[in-house]
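Since the structure comes first, as structure tokens, the remarks are kept for the end.
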Amino acid sequence: MSRELGLKELYFGFRDPRIIKAYAKLIEQEAQKIPHEVNIMEVCGGHTHTIMKYGLNQLLPKNVKFVHGPGCPVCIMPKERIDHAYVLSEQKDVILITLGDMIKVPGSHGTLQDARAKGSDVRFVYSPMDTLKIAAQNPDKTVIFFAIGFETTTPMTAALINQVIEKRITNILFHINHVTVPEPMRVLLDDETNKIDAFIGPAHVSVISGSKIYDEFPRDYKKPLVVSGFEPVDVMKSVLMILKQLSEERCEVEVEYSRSVTHNGNTEAQKLNNMYFEKREHFRWRGIGDIAKSALKLKDEYGQLDAEVFYKEILPNEKIDDHRLCICGDILKGKANPVECKVFGKACTPSSPLGSCMVSSEGACAAYYKYGNLL
């Protein structure tokens, strides 16, 4: 007789210290077969937090190191896009809605939290679908959903758009800031000064898009990649899989998170995304720069739902750089870690962040600050 899995069963065993230490020994043995340093980039900030929380970096041999990547949707959001949200929130009869940490990220005018303190109606939700309820409760207001996230959260925005169209709701608009993972990875590897020997890919992205989106990296760049879950045992097993590839002189995409990830991914979610979104020509990543075809926008036929179209005349377009002392850009590129920043933990803390890597709960600086006792 089938039954639903309990929450504990989804992670039970994946945090067991004995299993983690057993993998550490196997990693040590495998690393001895490799006569050079191995820098493994964990693309996603969720992996960074797992690494720091459980002290996994301390369990690796000296020639194996983690380097941090650009897979934090809040961290890479440029100030000019945050300024869009700020300006929209100031408009008469507008309710601006977004997810989680976005409300705390500073733009050039301040944060959305600052805008709310000055009287703007800014709200954060746990699910995009909550936007429907807010719009129904405020029929005389324009509700703008400021959408962020990688491939993981894009289908939720697409599902919301689908509901708005099917129910003929007329007071919801969208400001789309969804970005995609492979393009920035490609940019990092095209930089000849990169320190990347292999990748740990985020499992939740591949649940939607499939592991196929990473096929180019072993094929074209000769970089092994393992799609990993987010528990500590997942990460340690993924490191071992990468080292085995290197010691055996293999180079391929492997899936550690086989309990949910397939090669093709969730094709129904992909169809929903493709129905409403298309690639932007360019999108500026905070600390990295313009990356072609790395973000999504609403298709032209849905322009009536696009806040960027509706409010085009008032949205600022000036590109704004980070504070000159902030090294978030180098951290997102895997060229530095937070403790190398002169203002880390001093002028820059979670309560007074200078850069986006300290603001987001997925940011590398936030992880180092929170779990600094494990350094």
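Pairs meeting the criteria (first residue in the range 310-332 and over 16 Å from ILE76 (Cα atoms), second residue open to solvent by less than 100 Å² (accessible area, probe 1.4 Å) and assigned to a loop (DSSP other than H, G, I, E, B), beta carbons under 7 Å, at least 6 apart or on different chains) are LEU325/VAL343; LEU325/LEU354.
Taking the criterion of being exposed (fewer than 13 other Cβ atoms within 10 Å of the Cβ) and out of contact with any strand residue (DSSP E or B) (no Cβ under 8 Å at 6 or more places or on another chain), the residues of the range 291-320 that qualify are ASP300, GLU301, GLY303, GLN304, LYS312, GLU313, ILE314, ASN317, GLU318. A residue that is assigned to a strand (DSSP E or B) and either acidic (Asp, Glu) or at pLDDT below 85 (or both) occurs somewhere in the range 334-353.
For (1) buried (at least 19 other Cβ atoms within 10 Å of the Cβ); (2) under 18 Å from the mean Cα position of the chain (by Cα); (3) not in a loop (DSSP other than H, G, I, E, B), each residue gets a yes or a no:
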{"site": "VAL227", "(1), (2), (3)": "yes, yes, yes"}
{"site": "VAL233", "(1), (2), (3)": "yes, no, yes"}
{"site": "MET236", "(1), (2), (3)": "yes, no, yes"}
{"site": "LYS244", "(1), (2), (3)": "no, no, yes"}
{"site": "SER258", "(1), (2), (3)": "no, no, no"}
{"site": "THR262", "(1), (2), (3)": "no, no, no"}
{"site": "ASN273", "(1), (2), (3)": "yes, yes, yes"}
{"site": "GLU278", "(1), (2), (3)": "no, no, yes"}
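Among the residues of the range 88-116, those that are part of a helix (DSSP H, G or I) and either of a type in the set (Lys, Arg) or closer than 16 Å to PHE174 by Cβ (or both) comprise LEU88, SER89, MET102, LYS104, ARG116.
Is there a residue being free of Cβ contacts under 8 Å to residues at least 12 places away in the same chain, more than 30 Å from LYS271 (Cβ to Cβ) and either assigned to a helix (DSSP H, G or I) or open to solvent by less than 10 Å² (accessible area, probe 1.4 Å) (or both) anywhere in the range 188-204? Yes, there is a match, as at least one residue in the range 188-204 is free of Cβ contacts under 8 Å to residues at least 12 places away in the same chain, more than 30 Å from LYS271 (Cβ to Cβ) and either assigned to a helix (DSSP H, G or I) or open to solvent by less than 10 Å² (accessible area, probe 1.4 Å) (or both). Taken across the range 164-182, residues that are within 24 Å of the chain's Cα centre (by Cα), farther than 28 Å from GLY229 by Cβ and not in a strand (DSSP E or B) do not occur at all.
Screening the candidates LEU88, LEU160, LEU112 for the property of being open to solvent by less than 10 Å² (accessible area, probe 1.4 Å) and over 22 Å from the mean Cα position of the chain (by Cα) yields one hit, LEU88.
The values are calculated or read from the model by the stated rules, or taken from the named source; none is laboratory data. Keep in mind the model is a prediction, meaning the values are calculated, not measured. Every residue, glycine among them, receives a Cβ derived from its backbone with ideal geometry; neighbour counts consider all protein chains shown. SASA here: full protein model, heavy atoms, side chains in, ligands and nucleic acids out. Shrake-Rupley method; radii C 1.70, N 1.55, O 1.52, S 1.80 Å.
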